[in-house]
Structure formats: structure tokens, C-alpha cells
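The values are calculated or read from the model by the stated rules, or taken from the named source; none is laboratory data. Everything quoted here is computed from the prediction, not taken from an experiment. Reconstructed Cβ throughout: ideal geometry from the backbone, glycine too, with neighbour counts over all protein chains shown. For accessibility, only protein heavy atoms count, side chains too; no ligands or nucleic acids. Shrake-Rupley method; radii C 1.70, N 1.55, O 1.52, S 1.80 Å.
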Amino acid sequence: CTDGTVNTDQVTSDYSIGYWPTIYMVCADRLTTEVGQSSNPYGSVNACPPPASHDNDAKTFAYSGPTLTCGDLTPEIMIQNYGLVDLTSLTIEVTVNGTTASTTPWTGNLGTYGTQNISLPVLTGLSNGDVVNIYTTLPNGQPDADPLNNPTIYFNVSMVQTTNVHTSVTVNVTTDQY
């Protein structure tokens with residue numbers, strides 16, 4: 001360093017960095033992806049999606065919420081405004097095995113590339129292997145200008161295996177005669 005400080009590898013342990021250098025790619029949509037170590041880090045630039053180019057364009061991401069349940073589940077999705085105008089409304093439909101379970105009108109205010117996580121209404125009475133699909137439509141009440149960047153989100157429900165265990169507890173109380 002030119003200011004007289006000594007370079008150390010302390011920063012790697014402070015930030016739990018597994019290897020050095022760690023290279024991150026930041027795309028136009030402001031999402032950050034760890035590229036890792038590469039002799040040609042600029043080779044990953046083509047992996048970035050094109051910049052926003054439509055007025056009303058909502059983007060969704062792969063499902064990362066819970067799928068394991070005892071029968072009830074609260075699905076969660078992440079949306080991004082990929083449009084050039086602020087995203088203020090969106091319709092989110094959830095189906096279970098092809099039957100509509102909920103239709104949620106979302107309202108908010110996301111600028112271009114803004115993101116928000118949304119918890120959807122609880123799904124009740126689910127069974128092992130049920131297929132849940134989540135669709136987003138009508139950004140700002142208009143047809144989505146690029147429906148290809150918001151594919152259907154889906155997952156299969158897995159039930160928690162539970163075993164009823166009966167345990168008896170005996171409590172002996174000995175008084176001290178007071």
C-alpha cells in the first residue's frame with residue numbers, strides 16, 4: 001500500500017472469503033453473482049441479461065422459499081421491476097395441482113431494477129407431491145412486455161415425516177416439612 005499500511009490476508013477471514021481473489025460480477029440489473037477464480041473474468045459478461053428496454057416488465061426468480069411442510073406452507077417469491085417505469089402493481093396467481101389456490105394483487109413502488117420479496121397467502125391442506133405453480137401477470141395493469149423473463153415458478157411439496165412419541169414423566173416431590 002502506498003499509505004504505509006501493511007497488506008495482510010486478515011480481510012479474507014474477516015469476511016469469510018474461502019479463496020482469494022474472489023471475483024464478483026455485477027450486471028446491469030444490479031444483481032451480484034460470485035464468479036469465483038478465473039483467468040478470464042470478463043468472459044462471464046455475456047451471462048448478464050440485457051438491460052431493461054420496456055415500460056412494463058416484471059421479472060421473477062427461481063423459487064427459494066420453503067417446500068417442506070406438515071400440511072400448510074407460505075410461499076415466497078422475489079420480483080424485480082425490469083421495466084423503465086416504476087412498477088406499482090402486479091397480479092400473482094398460485095395454483096396447486098392446476099387449481100387456483102390464491103390470486104394476490106401486489107401494490108408497491110419499485111424503480112427500474114428494484115426488487116422485493118413477497119410472502120403469499122398460506123396454502124393449507126397440502127399433500128406430499130403436490131405441485132405448486134406461481135405466475136405473475138399484468139405489471140402496472142398492462143400485459144408483460146417480456147414474459148420470457150418471468151417464467152412459471154414451480155415446486156413439489158415434501159411432507160415432514162413425523163412420529164408420535166408418547167413419553168411418561170414421573171415427578172416425585174419430597175417436602176421438607178414446612
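Farther than 25 Å from Thr32 by Cβ, in a loop (DSSP other than H, G, I, E, B) and open to solvent by 50 Å² or more (accessible area, probe 1.4 Å), is that true of Pro66?
Numbers: farther than 25 Å from Thr32 by Cβ: no; in a loop (DSSP other than H, G, I, E, B): yes; open to solvent by 50 Å² or more (accessible area, probe 1.4 Å): yes.
So Pro66 does not fit the description; no.
Please determine, by comparing only the residues of segment 69-84 that are open to solvent by 60 Å² or more (accessible area, probe 1.4 Å) and farther than 18 Å from Leu148 by Cα, which one is modelled with the lowest pLDDT.
Checked segment 69-84; the qualifying residue modelled with the lowest pLDDT is Cys70.
Kindly indicate the residue of segment 111-146 that is open to solvent by less than 70 Å² (accessible area, probe 1.4 Å) and of a type in the set (Ser, Thr, Tyr) and also farthest from Val157 (Cα to Cα) among those meeting that condition.
Only one residue tops the list, namely Thr112.
Okay, residues lined up against (1) touching an Asp or Glu at 6+ places or on another chain (Cβ under 6 Å); (2) among the polar types (S, T, N, Q); (3) open to solvent by 60 Å² or more (accessible area, probe 1.4 Å); (4) assigned to a loop (DSSP other than H, G, I, E, B):
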position	(1), (2), (3), (4)
Lys59	no, no, no, no
Thr100	no, yes, yes, no
Pro105	no, no, yes, no
Asn109	yes, yes, yes, no
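Only one residue in Thr67, Thr99, Thr60, Thr115 is of a type outside the set (A, V, I, L, M), more than 17 Å from Thr136 (Cβ to Cβ) and under 16 Å from the mean Cα position of the chain (by Cα). Which one? Walk me through how you get there before you give the answer.
Values: Thr99 fails: under 16 Å from the mean Cα position of the chain (by Cα); Thr60 fails: more than 17 Å from Thr136 (Cβ to Cβ); Thr115 fails: more than 17 Å from Thr136 (Cβ to Cβ).
Of Thr67, Thr99, Thr60, Thr115, the one residue that is of a type outside the set (A, V, I, L, M), more than 17 Å from Thr136 (Cβ to Cβ) and under 16 Å from the mean Cα position of the chain (by Cα) is Thr67.
Would you confirm, using the coordinates I've provided, whether Ser102 is more than 23 Å from Asn128 (Cβ to Cβ) and of a type in the set (Gly, Ala, Ser)?
On the way: more than 23 Å from Asn128 (Cβ to Cβ): no; of a type in the set (Gly, Ala, Ser): yes.
Considered against the rule, which asks whether it is more than 23 Å from Asn128 (Cβ to Cβ) and of a type in the set (Gly, Ala, Ser), Ser102 comes out as no.
For segment 34-46, enumerate the residues that are open to solvent by 70 Å² or more (accessible area, probe 1.4 Å) and either assigned to a strand (DSSP E or B) or in contact with a Ser or Thr (Cβ under 8 Å, 6 or more places away or on another chain) (or both).
Going through segment 34-46, the residues open to solvent by 70 Å² or more (accessible area, probe 1.4 Å) turn out to be 34, 37, 39-40, 42, 45-46.
Listed by number, the residues that qualify are Glu34, Gln37.
Among (1) modelled with pLDDT of 95 or more; (2) in contact with a Cys (Cβ under 9 Å, 6 or more places away or on another chain), where does Met159 come up short?
Unmet condition: (1).
Taking the condition open to solvent by less than 100 Å² (accessible area, probe 1.4 Å), under 25 Å from the mean Cα position of the chain (by Cα) and either at pLDDT 80 or above or over 25 Å from Tyr135 (Cα atoms) (or both), does Val11 pass? Don't jump to the end; show me each part of the working.
Numbers: open to solvent by less than 100 Å² (accessible area, probe 1.4 Å): yes; under 25 Å from the mean Cα position of the chain (by Cα): no; either at pLDDT 80 or above or over 25 Å from Tyr135 (Cα atoms) (or both): yes.
It is false that Val11 is open to solvent by less than 100 Å² (accessible area, probe 1.4 Å), under 25 Å from the mean Cα position of the chain (by Cα) and either at pLDDT 80 or above or over 25 Å from Tyr135 (Cα atoms) (or both).
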